[in-house]
Each structure stands twice: as structure tokens, then as C-alpha cells.
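Peer 1: Dropping a structure here in C-alpha cells format, bear with me for questions.
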Amino acid sequence: MALDQATKLHLEKELLPFLTLEARGDLKSVAIRYFLELTGSKEGRDFIAEGDKFLKAIASLTCDKEKDISRDAFLTLINLTADEKIAWKLMNTETTFIYDLLHKMLKPDFEFADQASSIIANTTRIAGCASKLACQILEANSKVTMENVVNVLCKVNFNKNATLHYLGLILSNLTQVPGIRKIIMDKDRCIIQKLLPFTEYADSTIRRGGIVGTLKNCCFEYEYHAWLLSEEVDILPRLLLPLAGGEEFDDDDMERLPVDLQFLPPDKEREADPDLRTMLIEAVTQLCSTKQGRLLIKEKNAYVILRELDRWEKDPKTKVACRNLIDVLISDEPQQGMEDLHKVEVPEHLVEKFNQMDLDLLSDFKEELDKKASEEKEEKGEEKS
């Protein structure tokens, strides 16, 4: 739909007055439905985002007493916040709107918790918005605590009206912020431990992925590596278990594995989503960036799990990540003074060289997989004939 200046002025004059809580219900319903349909095009979304008037008005209608009007307002904002520029604008126009939504969705009877979580997840995927929301949560008098967020996320049937799967993505987005990560890893609160079983949560890839992303982000706090790998948390088996299949190992290899990875059933399936497999590998790789973490991961024989994953893996990007981690585990230990890899300054020309090596390896894997797929197709054709 073309929106010329005359049309824009007409909409502002004729429809904006009905995007208020005080307007007549039937007129509000028509107005918000029109704007919901308008979000189906980029031109429509850009028009709504011009200035502050429409965004503020639509946000206000999420509190309408009429459920259909409130639902349409939420759906309109979901479509709008899919655009990063508009999400950023909403966060800065309605300064506590996202925070207030998060507070509401942590209540067990909030009917539009799933719609709210989609809006918050869309908005906080932008690092600046995540930081702003984190600052509001970290304020001394905040109504929202990270402990409450995790407790709600880990209680699967918390809200009978909503699944709350997107709360996992919100948590992952928020843990981009160091202050949030440190709360999640507060050694006296036992928060991160509650998330660990969800690395294999079968009912939702979104919730599972959000929690895997959260754990990966926490692994960037290098001073916590020893604690994360200790018996107090024992994060390694939870990161490796989704990557493990049902392969058999000899007695020596089996005994060196963590107990949770020993004698897995022959039909044990690996994580189906390649992006999640990559994140799990990257989390273990981060833990290998400190000497203490790397030595423990070697001692726990993570190599054999990754070796079998590499043989099985068909996704080129995941395969490159797996190979890089294997290289770390089978290489000799760095010389003294370079044991903590995250502290080593790598010259820019070497960074470029390593990146190019990864790209070349990725290209090789793609060619190899395409060749295998072509050969399998030919074999099937021959069998049919």
C-alpha cells in the first residue's frame, strides 16, 4: 500500500485519536486492526515508526480491557519489533515499557505472556537494548530479579495461558551483559545449576536454545571456569551430553568420561539443531581458553565425544567448530606465559589467516558433503532401475 503524505496526514488525523484507552471500543478495534495489517509491509512499519505518536499509542493499548484489542496491540508490536530500528526506538520512546512487560510476564496469570515475551526477545536481541533492560533489572529497587526469571523459566507449566519458551531467548540476550552473567553465576544463589538439565529439553528448541545460549555466554566469564567445571556446578557433562551419540568406547576411554556420559544407550540421539550443536561446542571451547579448564576437559576425555561427533556431523559450520575444538584438545600445551589463551594477543595478520583457514575448511566440507549427497542420489537411482 502506497502511503503518500496526504494518506499519512489522514491516518494521523482520523485514526490516531482512536488508539487510546478512552476511545470507544468498536472504533479502537477497527483502528488497531488497521495498524496490525499495516505492519505487513515495510512501508507500513516505517510509517508507524515515524515520530513517537503511533508507537506510544499502540503500546498503551496492550493494557486495554478488551482482550481482542489488547491482543491486536501485542501482535502489532511483535511485527514492529522484528525491525531492529523500531525495536530500539520503542525501547527509548517508552523507557520502561519492556521492563514493565517483563514484570507482567513473570506473573502466573498474565494472559498475553507469550506475546509479551516475543516482543521482549525481539527487542533485547539488540545489545544496546539488552544493556538498557539489564540496568533497569539491576537497580536496587527493581521489581524484577534474575533469580525470578530463571525460576519461572525452569517451571515448565508456570502459566496455563502461555508456554513462555521465548523467556529462554530473553535470558540468553540478557546474559550478553556481564553484570547479569555474574548474578546467574552467584556462588551462593544456586541459579545456573537450575538451567543445566534444559540442555536436552525436548519440548521446545526455542527454550533449549535460549538456555544453551545463556550457558555459552556465562563461559565468557573466565574467572568462573574452575567453579563451572567443579562438582558444585559440573557444567561439562551437560554441554557434552547433547553432542554424544550411542557409540561404544573401550574400557579405558569409558572410565575417563564423566559418569553421565558413560554407557549411553545405542539409540541415544544427538542435538538435532546444528546451530545449537555449534553453540555447545563454542561453550566448551571457551572453557578451554583457561589452562585449568582445558586440562580438566582433556582429563575428562571430552575428545572421544567430539571425535565421534566429527565423524557424524554433516553441517559444515558445526564441523569446523568441532575440528577447531579437537585441535585444541589434542595439541601440546602452550609455552609458559601463554597458557590462558584468552589473554594471548594474536597479531591481526594471524587472525585474518586463521579466519581464512576456517573459510577454506568450511568450503572443503561443503564440497565433500555435496559430493556424498550426489553419490547417494546416484546409488538410489541405480537401485530403482
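The values are calculated or read from the model by the stated rules, or taken from the named source; none is laboratory data. The shown structure was predicted, so the numbers you read here are calculated from the model rather than taken from an experiment. Because the Cβ atoms are built from the backbone with ideal geometry, glycine has one as well, and the counts that use them run over all protein chains shown.
Peer 1: Take the residues in segment 176-186 that are of a type in the set (A, V, I, L, M, F, W, C) and not in a helix (DSSP H, G or I), then tell me which one is surrounded by the fewest Cβ atoms within 10 Å (Cβ to Cβ).
Peer 2: Looking at the filtered set, the residue picked out is MET185.
Peer 1: Looking only at segment 210-234, which residues are among the charged types (D, E, K, R) and not in a loop (DSSP other than H, G, I, E, B)?
Peer 2: LYS216, GLU223
Peer 1: Please name all residue pairs, on different chains or six or more residues apart, with Cβ atoms under 8 Å, provided the first residue is in segment 180-191 and is in contact (Cβ under 8 Å) with a residue 24 or more places away in the chain and the second residue is in a loop (DSSP other than H, G, I, E, B) and of a type in the set (Phe, Trp, Tyr).
Peer 2: Cβ pairs passing all conditions: ARG181/PHE220.
Peer 1: Then there's this: Could you tell me whether segment 268-288 includes any residue that is in a helix (DSSP H, G or I) and more than 22 Å from the chain's Cα centre (by Cα)?
Peer 2: no
Peer 1: Let me ask something else. Can you confirm whether segment 190-199 contains a residue that is surrounded by fewer than 18 Cβ atoms within 10 Å (Cβ to Cβ) and under 19 Å from LEU309 (Cα atoms)?
Peer 2: No, segment 190-199 contains no residue that is surrounded by fewer than 18 Cβ atoms within 10 Å (Cβ to Cβ) and under 19 Å from LEU309 (Cα atoms).
Peer 1: Could you please give the count of residues in segment 192-209 that are assigned to a helix (DSSP H, G or I) and among the hydroxyl-bearing types (Ser, Thr, Tyr)?
Peer 2: Of the residues in segment 192-209, the ones assigned to a helix (DSSP H, G or I) are 192-200, 205-209.
From what is left, the residues that are among the hydroxyl-bearing types (Ser, Thr, Tyr) are 199, 205.
Selection size over segment 192-209: 2.
Peer 1: Further question: Could you identify the single residue in PRO237, PRO258, PRO266 that is over 22 Å from CYS218 (Cα atoms) and either surrounded by fewer than 15 Cβ atoms within 10 Å (Cβ to Cβ) or at pLDDT 95 or above (or both)?
Peer 2: PRO266
Peer 1: Consider ILE170 against the criteria (1) within 26 Å of ILE281 (Cβ to Cβ); (2) without any contact (Cβ under 8 Å) to a residue 60 or more places away in the chain; (3) among the β-branched types (Val, Ile, Thr): it satisfies all of them except one. Which criterion is unmet?
Peer 2: It fails just one condition, (2).
Peer 1: Quickly run through segment 274-292 and pick out the residues that are surrounded by fewer than 16 Cβ atoms within 10 Å (Cβ to Cβ) and at pLDDT 95 or above.
Peer 2: Within segment 274-292, just ASP275 meets the criteria.
Peer 1: Follow-up question, since we're still on this one. Please find, among PHE110, PHE47, PHE18, the residue that is free of Cβ contacts under 8 Å to residues at least 24 places away in the same chain and touching a helix residue (DSSP H, G or I) at 6+ places or on another chain (Cβ under 8 Å).
Peer 2: PHE18
Peer 1: Could you tell me which of the residues LYS343, LYS314, LYS319, LYS377 is modelled with pLDDT of 90 or more and surrounded by fewer than 17 Cβ atoms within 10 Å (Cβ to Cβ)?
Peer 2: Among LYS343, LYS314, LYS319, LYS377, only LYS314 is modelled with pLDDT of 90 or more and surrounded by fewer than 17 Cβ atoms within 10 Å (Cβ to Cβ).
Peer 1: Just checking, how many residues over segment 157-175 are surrounded by fewer than 15 Cβ atoms within 10 Å (Cβ to Cβ) and either in contact with a Ser or Thr (Cβ under 8 Å, 6 or more places away or on another chain) or under 21 Å from ARG208 (Cβ atoms) (or both)?
Peer 2: 1
Peer 1: What single numbered condition from (1) small (Gly, Ala, Ser); (2) within 36 Å of the chain's Cα centre (by Cα); (3) at pLDDT 85 or above fails to hold for GLY51?
Peer 2: It fails just one condition, (3).
Peer 1: Take the residues of segment 29-41 that are within 30 Å of the chain's Cα centre (by Cα) and in contact (Cβ under 8 Å) with a residue 12 or more places away in the chain: which is surrounded by the most Cβ atoms within 10 Å (Cβ to Cβ)?
Peer 2: Top of the filtered list is PHE35.
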